[in-house]
Each structure stands twice: as structure tokens, then as C-alpha cells.
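Notes follow once the structure below has been shown.
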Amino acid sequence: MPLSTKILIGLGAGTATGLLAKLGGFDWLEAALAFLEPLGTAFIRLITMVVIPLVVASLLVGTASLGDLRKLGRMGGKTIGYYLVTTALAVTMGIAVANAVRPGARIDPDTRDRLAAEARLRVGEAPAIAQPSVKDMLLDVIPRNPLKAAADFELLPLIFFTVVFGAAVSLLQPERKRAVVTFFQGVNDASVTIIGWVMQLAPYAVFVLLAAVVARFGLDLLRSLLIYAATVALGLALHGLGTLALLVRLAARLNPVTFYRRIAEAPLVAFSTSSSSATLPVTMETAERRLGLPRSVSSFVLPLGATINMDGTALYQAVATMFIAQIYGVPLDLGAQLTIVLTATLASIGAAGVPSAGIITLVIVLNAVGLGAQVGPGIALILGVDRILDMLRTAVNVTGDLSCAAFVSRSEGSPAPA
Ligand code: ASP
């Protein structure tokens with residue numbers, strides 16, 4: 001049985017067990033799940049611990065073996081261009097869905113008044129969430145100390161340093177270059193072996209992770225929150241299975257059904273871990289082994305994507321902003337909606353590939369459209385359903401990264417996978 005099928009069974013069985021515990025009122029089952037939960041956490045840690053060695057080794061080997069720095073520049077341009085365009089498309093889809101469903105508009109007017117009054121009261125207690133400025137976000141890409149960036153799990157500065165270092169290695173005398181590349185090739189291969197071991201545990205880990213989440217949050221959803229969650233899910237499905245499928249067909253020239261079948265493992269692991277960065281080793285393995293993409297492309301496009309490309313997150317931020325505006329009765333005209341396209345694209349780039357990162361940078365979007373006063377109460381409102389939405393949006397984020405890798409690989413002249 002293929003691993004993705006086993007993971008799917010784990011997901012289904014986990015959800016069913018969680019629901020059983022929640023609906024059946026089985027306290028002992030919830031207690032058992034809480035006891036087993038560390039197993040899921042152990043799985044996430046086991047994959048996460050390989051991220052730094054894998055990203056550094058694989059990106060370094062990738063850039064050092066490109067041979068031609070112009071190729072690196074060209075690939076960088078295409079990758080960033082693709083990421084920006086697909087993210088903007090995702091936000092637009094989010095806005096369209098939120099306008100069509102209007103998830104926050106069905107709320108009882110009384111409740112709305114009460115919520116709005118509460119928000120006004122809380123303006124004084126300024127939100128504790130800091131908003132990073134665009135200038136700082138750009139400067140932070142250059143690390144002061146690459147080892148500290150690695151220790152703090154800051155992938156973007158680490159990627160920056162590794163690409164510069166790899167470009168320098170590519171210009172060394174052949175025997176020096178060979179020594180560096182051979183060493184990092186070994187680091188890379190050992191990391192891949194570890195992932196293979198850890199993935200054997202995936203079906204059991206996702207079972208526990210999901211059962212625990214469903215048992216805890218399953219029913220604590222209010223009606224309008226449920227409609228909001230369904231709106232985000234609808235937008236994500238339309239983007240993940242519609243827009244991206246179209247791009248896979250047109251830009252990467254692949255059959256979308258084959259593409260989705262082959263990559264299934266990566267979004268499934270993303271779904272259960274809620275972290276693009278933690279999923280990265282699986283995403284890279286999927287690109288190389290299942291899609292047959294060249295290492296020089298996947299090792300560059302995917303680590304970058306895990307940190308800056310988040311279609312799902314951007315789409316979710318658009319819907320969340322519209323929802324909060326609708327709940328509080330704040331109208332958002334066309335100009336404000338265009339601002340959402342711009343800021344949600346930036347905010348999703350600024351979000352790290354870790355659980356709940358998207359809800360933090362949502363502050364940028366809310367402030368940009370004049371919802372500063374609603375930041376605290378608005379976020380508190382949607383927090384209850386955020387974990388489930390985080391799982392869904394992370395799966396779309398990773399699918400977007402893989403579609404870009406397939407596109408760049410095709411446009412760089414690599415043969416399409418059979
Ligand atoms: N969890 C998401 C990711 O890792 C980021 C977010 O939207 O919170 O891709």
C-alpha cells in the first residue's frame with residue numbers, strides 16, 4: 001500500500017476517533033489521546049530536526065553545481081515572479097469568495113452591536129501584536145550571523161547566505177569546489193535517509209495529531225464561524241484544485257491529475273503538521289523522487305517557497321479580513337479590497353512556515369484597511385477555528401510550492417516526468 005494511502009487512512013481514522021471522543025462524551029478516550037499526543041509532537045520534531053541540514057546541504061549543492069550564475073539569476077526571477085503572481089491570484093480568489101458568501105453578514109444585528117461596542121472599549125488596550133515594517137522585513141533577509149539564523153530557525157536569512165555561499169563555491173578551482181560539494185552531498189544524502197525512516201511513522205502520527213485536534217476543538221464552533229471556515233475552505237479548494245491545476249497544465253505542461261496523485265504525500269503531511277517548513281523535507285523528496293524534478297531546481301525553489309510562498313495563507317487572510325469587516329459592519333470599498341491584495345501578498349511572504357504564523361501577520365492586513373481597532377477582538381473571534389484552517393491553508397501552500405518547482409523545471413528545459 002503506498003504511503004499516501006496509509007497517511008489518508010490515518011487522517012480519516014484520527015478524525016473519526018476525535019469526533020467519537022467529542023460527540024460520545026468519552027472522557028477516557030480524550031484522556032488516552034492526550035496521553036498519545038506527544039507521539040505526534042515527536043513526529044513533527046523528527047522531521048523538523050532535518051530541515052536545517054537538508055536545506056543548507058541541498059541548496060548549497062544545488063547552487064554550486066549550477067555552474068552558471070546567470071542561470072541562478074534567471075531561475076530566481078522566474079521563481080519569485082511565479083510566487084508573486086499565484087499569491088495575488090489566491091488573494092483575489094479569497095476576496096471573490098468572501099464577497100459572494102458574505103460569511104460575516106449573517107450575524108444577528110444585536111450581536112454585531114455588542115461586538116462593536118466591545119471593540120470600541122478595547123481600543124485603549126492596544127493589541128499586543130507588533131507589526132513588522134516592510135523595511136525591516138527586507139533588511140532581516142540579510143543575516144548578521146548565519147549560524148544564529150540557523151539556530152533560531154530563520155530560514156529566509158539562512159537561504160540568502162547559502163545561495164551567496166553556493167555562488168562563491170561555484171567559482172572555486174575544480175578540486176576545491178569538488179571537496180566542498182562532495183561533503184555537502186553526503187550531508188544531504190544522510191538527511192534524506194533520516195526522512196525515509198521518519199516517514200514510516202507518518203500514518204500513526206497523523207492519526208494521533210488529528211484525533212487530538214478534533215477531540216479538543218470539534219464542536220466549539222459557532223454558526224457564523226462555521227460559515228467563515230467553510231468560506232475559507234471553499235476558496236482554498238478553488239485555488240488549490242482549480243487555479244493551481246490550470247497552472248500545472250499550462251505553465252508546467254503536466255497532467256494535473258497525475259501531478260496531484262504524485263505529490264499527495266506532501267500536502268497530507270502539511271495538513272497534519274500545519275507547517276510548510278516542517279514539511280519541507282517531504283516536499284523536496286516528493287519533487288525529486290515522485291515528480292522527477294532535478295535537484296538544482298527543487299533545492300532552490302522549494303526552501304524559498306516554504307518561507308515566502310503561501311497562497312493558502314494569503315487567501316485565508318483576505319477572507320478573514322473581509323469576515324471581520326462584515327462582522328463589525330465596516331464597509332470595504334474597491335480601494336480597500338485592492339489594498340488587501342497588496343498587503344495580504346506581503347503579509348503571507350512575511351509569515352514563517354510554522355503553525356499559526358498567518359494569523360500573526362494578518363495584523364498587517366487588518367491595519368492597512370483601517371481595521372486597527374478590531375485587531376484584538378477580531379483575531380480572538382477567529383482564533384477558535386484557526387487550527388483547522390491552518391491545516392488546510394498549509395496544504396495549499398505546499399501544493400503551490402510544488403507547482404512552481406514543476407514550472408521552473410520545465411522552463412529550464414528539464415524533461416517532463418513520465
Ligand atoms: N502554517 C502555515 C505554513 O506553515 C503558515 C500559516 O498560514 O500560518 O505554511
Would you point out which residue out of LEU315, LEU304, LEU338 is closer than 27 Å to VAL192 by Cα and assigned to a helix (DSSP H, G or I)? LEU304
From the set of residues in segment 351-363 that are surrounded by fewer than 23 Cβ atoms within 10 Å (Cβ to Cβ) and assigned to a helix (DSSP H, G or I), which is farthest from the ligand (Cβ to nearest atom)? VAL363
Tally, over segment 246-271, of residues that are touching a helix residue (DSSP H, G or I) at 6+ places or on another chain (Cβ under 6 Å) and farther than 26 Å from ASP386 by Cα: 10
Condition set within 16 Å of ALA357 (Cβ to Cβ) and out of contact with any Phe, Trp or Tyr (no Cβ under 9 Å at 6 or more places or on another chain), scope segment 376-385, selection surrounded by the most Cβ atoms within 10 Å (Cβ to Cβ): answer is ILE379
Look at GLU37 and say whether it is assigned to a helix (DSSP H, G or I) and modelled with pLDDT of 80 or more. yes
Matching entry among ALA320, ALA347, ALA357 (being hydrophobic (A, V, I, L, M, F, W, C) and at pLDDT 85 or above): ALA320
I'm checking my understanding of the structure. Among residues of segment 96-119 that are under 33 Å from the mean Cα position of the chain (by Cα) and at pLDDT below 70, which one is surrounded by the fewest Cβ atoms within 10 Å (Cβ to Cβ)? GLU118
Among the residues in segment 386-401, are any away from the ligand (no atom under 14 Å from the Cβ) and crowded, with 21+ Cβ neighbours inside 10 Å? no
What residue, among those in segment 255-280 that are β-branched (Val, Ile, Thr) and away from the ligand (no atom under 13 Å from the Cβ), is farthest from PRO2 (Cα to Cα)? VAL257
Please go through segment 373-385 and give me each residue that is away from the ligand (no atom under 16 Å from the Cβ) and within 24 Å of ALA88 (Cβ to Cβ), ordered by number. VAL375, GLY378
Among the residues of segment 330-339, are any within 16 Å of the ligand (Cβ to nearest atom) and either at pLDDT 90 or above or buried (at least 21 other Cβ atoms within 10 Å of the Cβ) (or both)? no
Consider ALA252 against the criteria (1) assigned to a helix (DSSP H, G or I); (2) aliphatic (A, V, I, L, M); (3) away from the ligand (no atom under 16 Å from the Cβ): it satisfies all of them except one. Which criterion is unmet? (1)
Just to be sure before I move on: is SER414 away from the ligand (no atom under 16 Å from the Cβ), more than 23 Å from ALA230 (Cα to Cα), outside any helix (DSSP H, G or I) and touching a Pro at 6+ places or on another chain (Cβ under 7 Å) in the structure I sent? yes
Being of a type in the set (Gly, Ala, Ser), more than 13 Å from the ligand (Cβ to nearest atom), closer than 27 Å to THR79 by Cα and not in a loop (DSSP other than H, G, I, E, B): is that true of ALA406 here? yes
Given the structure, is THR283 buried (at least 24 other Cβ atoms within 10 Å of the Cβ), within 12 Å of the ligand (Cβ to nearest atom) and part of a helix (DSSP H, G or I)? yes
Every residue in segment 310-329 that is within 9 Å of the ligand (Cβ to nearest atom) and either more than 22 Å from the chain's Cα centre (by Cα) or hydroxyl-bearing (Ser, Thr, Tyr) (or both), please. THR313, TYR316
Taking first residues from segment 194-217 that are in contact (Cβ under 8 Å) with a residue 12 or more places away in the chain and second residues anywhere that are of a type outside the set (Asp, Glu) and outside any helix (DSSP H, G or I), the pairs with Cβ under 8 Å that are 6 or more apart or on different chains are PHE217/GLY384; PHE217/VAL385
Could you say which residue among ARG102, ARG70 is among the charged types (D, E, K, R) and more than 24 Å from LEU302 (Cβ to Cβ)? ARG102
For the condition under 27 Å from GLN200 (Cβ atoms), in contact with a Gly (Cβ under 7 Å, 6 or more places away or on another chain) and in a helix (DSSP H, G or I), what is the one hit in GLY18, GLY94? GLY18
For SER298, are the conditions met, namely being assigned to a helix (DSSP H, G or I), crowded, with 19+ Cβ neighbours inside 10 Å, more than 16 Å from the ligand (Cβ to nearest atom) and not basic (Lys, Arg)? yes
Can THR313 be described as closer than 24 Å to LEU381 by Cα, of a type outside the set (Lys, Arg), surrounded by fewer than 24 Cβ atoms within 10 Å (Cβ to Cβ) and touching a helix residue (DSSP H, G or I) at 6+ places or on another chain (Cβ under 6 Å)? no
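The values are calculated or read from the model by the stated rules, or taken from the named source; none is laboratory data. These figures come from a predicted structure and were not determined experimentally. Glycine also receives a Cβ, built like all others from the backbone with ideal geometry; neighbour counts cover every protein chain displayed.
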